[in-house]
Each structure stands twice: as structure tokens, then as C-alpha cells.
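To start, the structure itself, in C-alpha cells.
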Amino acid sequence: MSGTFVGMPAFPAFPVAAHEAVNNRTLRGNLRHATHTIRAKRAKAVAELSDWDALREAGKQIKDHTLRHLDRYLVQLEESVTAAGGTVHWAADADEANRIVTRLVQETGESEVVKVKSMATQEIGLNEALEEAGIRAYETDLAELIVQLGKDRPSHILVPAIHRNRGEIREIFAREMSEWGRPAPDGLTDTPAELAEAARLHLREKFLRAKVGVSGANFMVAETGTLVVVESEGNGRMCLTLPETLISVVGIEKIVPTWQDLEVFLQTLPRSSTAERMNPYTSTWTGTTDGDGPRTFHLVLLDNGRTDTLADEVGRQALRCIRCSACLNVCPVYERAGGHAYGSVYPGPIGAILSPQLRGTASEIDASLPYASSLCGACYEVCPVAIDIPEVLVHLRERVVEGGPVTREGNKVVLQPAKGHAAERAAMRATRWTFTHPGALRTGQRLASRTRRFHPRTLPGPGRAWTGTRDLPAVPAEPFRDWWQRTNGGKGETK
């Protein structure tokens, strides 16, 4: 396992994976219905707040301030957690985090754990690492349960089983539940109430039996050492309170300085994710307390490429992400291709900028992710912390094509340009030279206008990939400069 494993096995480039997905009519129908429903509800919930733009800016400023002083706040967090009775562990990468968690579970003598949905544990492949050590991890979020029982992979940040419909879920429950514990009831139908009840009965025995819980966290408050999980089903509350030992694996960027800062995100996250005014379950815990909750608490702080990302002045804004998934629900590319095509636990627009920074752009899939966008900007408009995803996408495209200096595993390295972009580099360099030589630009424009009748409808060679999905713009009858000169800036234009 790679030290920066981000939750998916080896995957082909995005265009290859997306091509298969867009030809799956059932998948496209499931995605279209779900994303349109969620984003319509979100828009209504956000419109209720007259100060939404101010909250959005406040969230951005809090996150940027925290990232600039991350070293100080992480030390403060460790001191606060330790003072409250918890133990803090530092993990540089996925391998180290998995070793720490596996050892902590083994020290309890238990062979199974219950989990509340955690993207950080998916990012590092914790379930697989635990399985290799003979420890079984049970997902307790309904959508994660569906994915786990179906031997599937998550395809959405908020609703990982968004690509499944009710009939498929019923088949998965009927076929697989008995292998993992309590079987599905006889005669199970695909009505939502029956499916939810089957999951509740299946999970209840695990909650009551488990001695070890594993969680992530939406936020960590540095001043008190408090961790926060927001969720809608109550499974998180069960995982966080019933086990004797709680192990939380959290990315270092999830920290906020104070409770006052947390208040901003507890307004913006629910509305951006589930379109609720507040989450039904907001669980907070600070260390351990006698007679209340787990007797032992461990916090594993995960880097796994985050400090490398922090070193990039443009790309670091991806670390503001609060995992609301609003960008996925408005993205026309995600709606048609689905989450699996991104080859990462982080799909959609945020995944297209986060995964290549956490993992680097050396692999085929990571080099292709910055291109998995139309740059329409819808993702930036809905982001509750104002991440300019199109800006970072363009920045990463430049990195793929041109290479250049980056930070990897804390070291300054120089990337070589990715293969397959020689023609693009040559074209952009020729364009740059032309735009810096006005005489050559003027001559080229006039030549293009006078030969416009002979221009092809599609480009040859590498240009076929561009005109295969869009029309080649028509060249005007005369260049703008000639028109401006002929009409005296439009004043002499005949109307």
C-alpha cells in the first residue's frame, strides 16, 4: 500500500473511466435524480439566511487564518486533548496511520470495530489494513453499509451510495446481510421504510456488542481539544458513546481555533450538505469523562500529503474544504460521470483538485483529474468556504503540462512534464510568442480571416480531442483591429 493511498485501487485515466460511466443509463438516471433533488433543497435552505455571503466569507477567513498558523494550533490541540484525558498520535502517511490504529485495536484484545463514516479512514484504506490483521470493521452509516455489503466503492462525499437505486439496495441487503451479521427480513421490499428498518436491526446488535469505535471528525477545536461529528442518522452517536475505546482519525486541516469559529461552520455545513438548518445529531466530545462515554480516547492526526498541499500558495485553498459535497451536486461533469470515474475517495470538483495534491500527478489518473471539469464555475459559487476550484484546476493543469517545482513528502522536487502533452506545450508556447509580437499577431489574424472559407470544421491530429465535443469557432470576416481602424472605434460604423 502506498503511503499516500487515497481510498481507491489503481484506476485508468478519468476520460477512460468516465466513458464507461456515461454509457450506463441506470447510473446516469440515479445521479441526475439525486443531485437535482439535493441541490434544489440546498438552494432553498441557503436562501433563508440573509447573511449567507458574510458567513461564507467568515468561513474562508477562519480557514485561511488557521492554515497560516497550523503548527501553533495543532500543538495547542494536542495539549488540550492530553489535558482532557486523551492520547494524541501523529501519522505522516497512510501506512503509519494504519499501523497506529491496528496496534491500538489489538491492544484492546478485540477483533471487530464499529465505524462512523470517516473519509480519512477511507483515504488511508483502514478497513483493508484492519482486515489484514484479522480485525473486521463494520460501517454503520446507511450509505456506507450499502457500499460495504455490495463490495462496492463510495461515489459521493455525503451519500456514498448515490449511484444505487432502491431495487439494487434491496438485492444487496437480501443477498449479503447474512454474511455480515443479522440477515435481512424475509420478504423485504424496496420501500425506504423497510430498507431502513432492515439496516437498523442489522446494526443494532453490532452497536451493543462492539467494544471499539473508530470515527473521523468534521471539526477539532484547538482551545478545548473538542472533536465534533455532525450526522443525520444517529449511528454516529452510538459509535461515539457506547464503545469502551474510541479511536478518531482526522486530517490535520480539520482544526478550528475556537468555539466561536465553530459556530460559523455549524450554520454553513448543514445547509450546504443536507439542506438542513442544523444536523439532527451534532456530537461533541472532549477527552474522557468517568461514567460517560468511552473510557479511552485516541486521536490520530493525519498528514498524508496535507503539508505538501499547504506549501502550494494556490492549491492550499483546497484544505479549506469542510466536505459538504455542494460542488458535486452542481457539477455537470460529476452528474454524468459519477464518482467512481475520479479514482479517489474524493470525487467531483473538490476531488479533482485535492487528490492530485495529496497523491501527486505522476499517475495516469491523477494527471487527468485537473481536466475533469468544464471550468463553468458552478462549484465555486456554491462552496461555503469560497474555494476557487476553477483557479486551482488551471493551476494543476499547468503543473501537469509544464512540470516545475513542488513539495513532496516535505522535500522540494522538480516535476517533469507529463507525457502526452508535447503538442499542447508547443501550441501554448507558439501562442505566447505570437501574443508578444504584435506584427506577427496582426499578420496571422488577417491571414485567418482571408482564408476562412477553407477552414475545416474539425481540427486534425491532437486537435481532434478538442473539436470532438465542441464546435470550432468561426473566424470573423476581418480582425478586430482592422475593424477598429476602419470605423474609427465604431464611430464610423454604418447602422
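Below, the figures for the structure above:
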| item | result |
| --- | --- |
| Single condition residue 109 does not satisfy, out of (1) in contact (Cβ under 8 Å) with a residue 12 or more places away in the chain; (2) on the phi > 0 side of the Ramachandran plot | (1) |
| Residues satisfying the stated conditions in segment 218-247, i.e. open to solvent by less than 30 Å² (accessible area, probe 1.4 Å) and of a type outside the set (A, V, I, L, M) | 219, 225, 226, 231, 234, 235, 236, 239, 243, 245 |
| Members of segment 323-351 found to be farther than 16 Å from residue 382 by Cα and either touching a strand residue (DSSP E or B) at 6+ places or on another chain (Cβ under 6 Å) or of a type in the set (Gly, Ala, Ser) (or both), listed by number | 337, 338, 339, 341, 343, 344 |
| Positions within segment 287-312 being under 15 Å from residue 84 (Cβ atoms) and among the basic types (Lys, Arg), in sequence order | 295 |
| Output for segment 466-495, where each listed residue is under 19 Å from residue 427 (Cβ atoms) and surrounded by 11 or more Cβ atoms within 10 Å (Cβ to Cβ) | 466, 467, 472, 475 |
| Test: residue in segment 331-338 that is among the hydrophobic types (A, V, I, L, M, F, W, C), under 30 Å from residue 22 (Cα atoms) and modelled with pLDDT under 95 | yes |
| Long-range neighbours under 6 Å by Cβ, at least six apart or interchain, first residue within 14 Å of residue 304 (Cα to Cα) and among the small types (Gly, Ala, Ser) within segment 92-105, second part of a helix (DSSP H, G or I) and open to solvent by less than 10 Å² (accessible area, probe 1.4 Å) | 94/124; 97/124 |
| Every pair of residues 6+ apart whose Cβ atoms lie under 9 Å, when the first sits in segment 407-432 and is under 30 Å from residue 93 (Cβ atoms) and at pLDDT 85 or above while the second is among the basic types (Lys, Arg) and open to solvent by 50 Å² or more (accessible area, probe 1.4 Å) | 415/408 |
| Selection within segment 187-210 - farther than 15 Å from residue 139 by Cα and either open to solvent by less than 10 Å² (accessible area, probe 1.4 Å) or among the charged types (D, E, K, R) (or both) | 190, 194, 197 |
| Output for segment 367-383, where each listed residue is closer than 18 Å to residue 416 by Cα and either open to solvent by less than 10 Å² (accessible area, probe 1.4 Å) or in contact with a Cys (Cβ under 7 Å, 6 or more places away or on another chain) (or both) | 369, 370 |
| Of all residues making up segment 409-418, the number that are open to solvent by less than 100 Å² (accessible area, probe 1.4 Å), more than 20 Å from residue 354 (Cβ to Cβ) and not polar (S, T, N, Q) | 1 |
| Total residues in segment 269-284, condition touching a Lys or Arg at 6+ places or on another chain (Cβ under 7 Å) and closer than 10 Å to residue 324 by Cβ | 3 |
| Count - residues of segment 224-247 that are in a loop (DSSP other than H, G, I, E, B), without any contact (Cβ under 8 Å) to a residue 60 or more places away in the chain and polar (S, T, N, Q) | 1 |
| Check on residue 453, surrounded by 13 or more Cβ atoms within 10 Å (Cβ to Cβ) and not in a loop (DSSP other than H, G, I, E, B) | no |
| Members of segment 409-418 that are more than 30 Å from residue 332 (Cβ to Cβ) and outside any strand (DSSP E or B) | 409, 410, 416 |
| Hits in segment 122-138 - residues which are open to solvent by 10 Å² or more (accessible area, probe 1.4 Å) and of a type outside the set (Gly, Ala, Ser) | 122, 127, 128, 131, 132, 136, 138 |
| When residues of segment 116-139 are limited to those that are closer than 20 Å to residue 195 by Cβ and at pLDDT 95 or above, the one nearest to the chain's Cα centre (by Cα) | 139 |
| Complete set of residues in segment 181-216 that are assigned to a loop (DSSP other than H, G, I, E, B) and without any contact (Cβ under 8 Å) to a residue 60 or more places away in the chain | 181, 182, 183, 184, 185, 186, 187, 188, 189, 190, 191 |
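This table checks each residue for (1) under 30 Å from residue 365 (Cβ atoms); (2) of a type outside the set (S, T, N, Q).
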| residue | (1), (2) |
| --- | --- |
| 12 | yes, yes |
| 19 | yes, yes |
| 30 | yes, no |
| 33 | yes, yes |
| 40 | no, yes |
| 44 | no, yes |
| 48 | no, yes |
| 55 | no, yes |
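So that you can scan it fast, the table gives a plain yes or no per residue for (1) part of a helix (DSSP H, G or I); (2) surrounded by fewer than 17 Cβ atoms within 10 Å (Cβ to Cβ); (3) under 17 Å from the mean Cα position of the chain (by Cα):
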position	(1), (2), (3)
362	no, yes, no
385	no, no, yes
398	yes, yes, no
407	no, yes, no
420	no, yes, no
423	yes, yes, no
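The values are calculated or read from the model by the stated rules, or taken from the named source; none is laboratory data. Just so it is clear, the structure is predicted and the values come from calculations on it, not from any experiment. Methodologically, a virtual Cβ is constructed for each residue, glycine included, from the backbone with ideal geometry; neighbour enumeration extends over all protein chains shown. For accessibility, only protein heavy atoms count, side chains too; no ligands or nucleic acids. Shrake-Rupley method; radii C 1.70, N 1.55, O 1.52, S 1.80 Å.
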